[in-house]
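Notes follow once the structure below has been shown.
Only the coordinates and a few stated rules stand behind these numbers; no lab work does. It should be emphasised that the depicted structure is a prediction, and the values quoted were computed from it without experimental measurement. When we count neighbours, we look across all protein chains shown, and the Cβ atoms used for this are built from the backbone with ideal geometry, even at glycine.
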Amino acid sequence: MRYLKKVFLILFLMVISTSVWSKDTIYFAPLPMKKAKKIVQDLLPLVEYLQEKLSVEIKFNYKSDYGDILKGFENNTIDIAVLGPLPYAILKSQYTYVEPIVLFKQKNGSTHYRCVLSKFIEDDINVSKPIKIALTQPLSTCGYYMSKKLLKKRYNIDIKDQYYKYTMSHTNAMTAALKGEFDIAGASEFIAQKYKSLGMETVAQSELLPGFSIVVNTTTLSADMIQRLRDALLSIPPSSLKAWGGKSKYGLSRANAHLYDSIKVDFDIPKKGNL
């Protein structure tokens, strides 16, 4: 009888293991951007390559908000996602079964980037009264999170005492400040540099931050599948990545979870602006 119970237990565990780890379909959440169609199109060649290389079906599970992506990991409806450092750090603090496998390189070949505060060069910032700040998305690293740190560092003011609005993209934030609708914009250094010729200047910059990465759900994907995914991504010829364009056009690099240790969120990030 004890032997039969042991056999039954082994068979039961095999069934559970097969149902959890053997996935014929992988659900992929791209970056939540305003132009959903474009970001999906940019990632399509990479996804098609992975499908052929790994003999699996990959379906896009688009979410318009970072918060929905985090929920997708927690309820196991997302297997892979593209995340910036802040969303990854928040996800990791709430759901430990997540791992970055590759980083997207920047144009200069680096896997790191900076957040900045930018203003129109002729504007004077008067911090004796509340100023207006254009932000990206609530869970964007260069949004409330890093703008709060940079405002304190540069002007010794707290963002919660200012007026701020989420414009939902780095470009929108920079454009709004350029138009004079806001005093300052928080954005990535790469986007801010594009506005330099239009009269925008950087007044504060962050330390180097780990770039955007492809992260996996270690609950829904087996260790073998994760390794195969990583190997497949890192083996893509640079010429193919360049030809595909999109976020991966400058190359991919192996990610390390320890790179994100410096991203610590010890304050609440409002979901809505106060303007």
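In the neighborhood of residue 139, defined by Cβ-to-Cβ distances under 14 Å, what is the net charge if each Lys or Arg adds +1 and each Asp or Glu adds -1?
On the way: positive: 63, 71, 92, 148, 271, 272; negative: 65, 68, 268.
Surrounding charge for residue 139 is +3.
What is the Rg over Rh value, at two decimals, for the stretch 62-178, using alpha-carbon atoms and the Kirkwood definition of Rh?
On the way: Rg = 16.3 Å, Rh = 16.0 Å.
Result for the stretch 62-178 is an Rg/Rh of 1.02.
Once you list every other residue whose beta carbon is under 14 Å from the beta carbon of residue 242, what net charge do they have if Lys and Arg are +1 and Asp and Glu are -1? Before the final figure, lay out the partial values.
On the way: positive: 105, 107, 247, 249; negative: 42.
Local charge sum for residue 242: +3.
Please report how far the C-alpha centroid of the stretch 133-207 lies from that of the stretch 211-275, rounded to the nearest whole angstrom.
Between the Cα centres of the stretch 133-207 and the stretch 211-275 lies a distance of 24 Å.
Using a 10 Å cut-off around each Cβ, can you sort 263, 214, 133, 157 from fewest to most neighbouring Cβ atoms? Write down the numbers at each step before the final one.
Values: 263 20, 214 23, 133 27, 157 17.
So the residues, fewest neighbours to most, are 157, 263, 214, 133.
Could you give the longest part of the chain that holds none of the trypsin sites (Lys or Arg not before Pro) found in DSSP loops with at most 12 neighbouring Cβ atoms within 10 Å? Intermediate values should be presented prior to the final figure.
Details: sites that count: 35, 107, 179, 264, 271, 272.
Here the longest run is 180-263.
Taking the chain as a Gaussian network, Cα atoms linked when under 10 Å apart, which of 40, 265, 98 shows the biggest mean-square fluctuation?
Judging by the Gaussian network model, the answer is 265.
Select from 93, 222, 163 the residue farthest towards the positive end of the dipole of the chain; place +1 on Cβ of Lys and Arg, -1 on Cβ of Asp and Glu, and compute about the Cα centre.
The Cα lying farthest towards the positive end belongs to 222.
Sort 127, 82, 116, 47 so the one with the fewest other Cβ atoms within 10 Å of its own Cβ comes first.
Details: 127 14, 82 21, 116 27, 47 18.
Lowest to highest Cβ neighbour count: 127, 47, 82, 116.
Calculate how many DSSP beta bridges within the chain are antiparallel, expressed in % of all such bridges and rounded to the nearest 5.
Values: 23 of 35 bridges.
Expressed as a percentage, antiparallel bridges in the chain total about 65.
Could you tally the net charge around residue 205, taking each other residue with its Cβ under 10 Å from the Cβ of residue 205, Lys/Arg +1 and Asp/Glu -1?
On the way: positive: 114, 153, 154; negative: 189, 207.
With Lys, Arg at +1 and Asp, Glu at -1, the net is +1.
So which lysines can residue 152 reach, going by Cα to Cα under 29 Å and dropping same-chain residues fewer than 8 places off?
92, 119, 129, 132, 160, 165, 179, 194, 196, 264, 271, 272
With the cut-off at 1.5 for a/c, could you classify the chain from its C-alpha gyration tensor as rounded, prolate or oblate? Mind showing how you got there, number by number?
Working: a/c = 2.71, a/b = 1.87, b/c = 1.45.
Prolate, because a/c is 1.5 or more and a/b exceeds b/c.
Only Cα pairs within less than 10 Å get springs; with that Gaussian network setup on the chain, which residue of 49, 144, 260 has the largest fluctuation?
Maximum fluctuation in the GNM of the chain, among the listed residues, is at 49.
I need 167, 25 ordered by Cβ neighbour count within 10 Å, fewest first. Don't skip to the end; give the middle numbers.
On the way: 167 25, 25 9.
Result, fewest neighbours first: 25, 167.
Evaluate the charge dipole of the chain about its Cα centre and quote only its size in Debye, nearest 20, assuming +1 on the Cβ of each Lys and Arg and -1 on the Cβ of each Asp and Glu.
Values: 38 positive and 25 negative charges, 26 e Å.
Taking the Cα centre of the chain as origin, the dipole is about 120 debye.
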